[in-house]
Amino acid sequence: MLFFQFIISIPLLFILFFGISFILNMILKTTFLPAVLFLLLTIFLGYKIKNPFTLVNISFFLTSSLGLLTSFLTIKFLRKKGYKMF
């Protein structure tokens, strides 16, 4: 993987996982479901990859986790302020 591909993929992964988990939180009204799905997907893909503990894979995992956490906190904040999602 080239360096500029790595740099571009970091914010893209953050936005992707933030958006997916935000939509799942809004529609299903369960704040823990995206985290459980992400964990299951990570475990499944970790067994499929020969060497899952590279710097690139760990940074992708941390960025995606940060997107999930940010989405969780955003939904929690919006519900606390009185906004109802669907």
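The table that follows gives values for the structure above.
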quantity: Partner lysines for LYS29 [C-alpha distance under 18 Å; skip if fewer than 8 residues away on the same chain]; calculated: LYS76, LYS80, LYS81, LYS84
quantity: Angle between the chain longest axis and helix 33-48 axis [Cα atoms, degrees, rounded to 10]; calculated: 10
quantity: Förster radius 25 Å - calculated FRET efficiency between THR31 and SER59 (Cβ-Cβ, nearest 0.05); calculated: 0.50
quantity: Positive-end residue, the chain charge dipole about Cα centroid, Cβ charges, pick of ILE58, LEU69, LEU41; calculated: LEU69
quantity: Computed lengthening from ILE43 to LEU2, 0.36 nm per intervening residue step minus Cα-Cα distance; calculated: 12.2 nm
quantity: Tilt relative to the chain, helix 55-80 - C-alpha long axis, 0 to 90 degrees, to 10; calculated: 0
quantity: Normalised alpha carbon radius of gyration of the chain [divisor 2.2 N^0.38 Å]; calculated: 1.21
quantity: FRET efficiency for LEU69 and ILE15, using Cβ-Cβ distance with R0 set to 22 Å, rounded to 0.05; calculated: 0.95
quantity: Helix-only CD estimate at 222 nm, as mean residue ellipticity for the chain, using -39500 (n - 2.57) per DSSP H run (n ≥ 4); calculated: -27500 deg cm²/dmol
quantity: 0 to 90° range, to nearest 10: angle between helix 3-28 axis and the chain longest Cα axis; calculated: 30
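The numbers here are math on the coordinates, done by the rules we state, and not lab data. Every value quoted in this text rests on a predicted model; they were computed, and no experiment measured them. We place every Cβ from the backbone using ideal geometry, glycine too, and count neighbours over all the protein chains shown.
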